[in-house]
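Everything below concerns the one structure shown next.
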Amino acid sequence: MLESMVQVKELLAFNIKMLRKKKGFSQEKLAEAVNLSAQSISDIEGCRTWVSDKTLEKLAQALNVDIFELFMPSDKDDENTPDVLLYKRLMKLRSVMKDDIDKRLEQFYVSEKSFSR
């Protein structure tokens with residue numbers, strides 16, 4: 001479940017950033033429109049913080065979308081933009097690295113357990 005929550009947070013962050021850029025907004029301009037600091041927008045887009053329902057409402061309004069659209073996967077039209085391609089590559093790298101780390105931790109745990117006997 002934790003993994004799926006992380007994915008939702010990443011999707012929200014990605015969509016806010018993409019929609020902001022499509023509107024031609026800087027982080028500062030979006031922050032002003034929703035009465036937040038630019039640092040708060042940066043934290044949201046960087047997956048460092050979650051947003052309240054009121055903030056979601058303000059973001060959707062400022063970006064001229066329905067709230068549910070902030071959680072939707074990207075459109076086919078956007079699939080080949082540099083940001084989307086980079087995002088997909090980073091998510092793939094993250095998955096590969098996570099699998100590798102999990103494998104190494106398991107190997108370490110097994111070897112440590114055999115040494116302690």
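Which loop trypsin sites (Lys or Arg not before Pro) in segment 1-39, with loop taken from DSSP, have no more than 15 other Cβ atoms within 10 angstrom of their Cβ?
K23
Quick check on segment 1-73: take the gyration tensor over C-alpha atoms, sort the square-rooted eigenvalues as a ≥ b ≥ c, and tell me if it's rounded (a/c under 1.5), prolate or oblate. Before the final figure, lay out each step's value.
Details: a/c = 1.67, a/b = 1.43, b/c = 1.17.
Prolate shape, in that a/c is at least 1.5 and a/b is the bigger ratio.
Beyond a 18 Å Cα-Cα separation, which of these cross-linked pairs lie in this structure: K21/K54; K22/K54; K23/K92; K23/K58; K17/K88; K29/K58? Could the numbers behind the result be given before it?
Working: K21/K54 22 Å; K22/K54 22 Å; K23/K92 28 Å; K23/K58 15 Å; K17/K88 15 Å; K29/K58 13 Å.
The pairs that break the limit, which is 18 Å between Cα atoms, are K21/K54; K22/K54; K23/K92.
So which lysines can K103 reach, going by Cα to Cα under 16 Å and dropping same-chain residues fewer than 8 places off?
Straight-line reach from K103, under 16 Å: K113.
Using a Förster distance of 35 angstrom, determine the FRET efficiency expected from the C-beta separation of S52 and D100, and round it to 0.05.
About 0.45, to the nearest 0.05.
Give me D100, D43 sorted ascending by neighbouring Cβ count inside 10 Å, so fewest comes first.
In order of increasing Cβ crowding within 10 Å: D100, D43.
What distance in nm separates the simple spin-label points at M72 and S111, each placed 7 Å from Cα in the Cβ direction?
It is 5.0 nm.
Every number here is computed from the coordinates shown, using simple stated rules; none is lab data. Everything quoted here is computed from the prediction, not taken from an experiment. Counting neighbours? That spans all protein chains shown, and the Cβs are built from the backbone with ideal geometry, glycine included.
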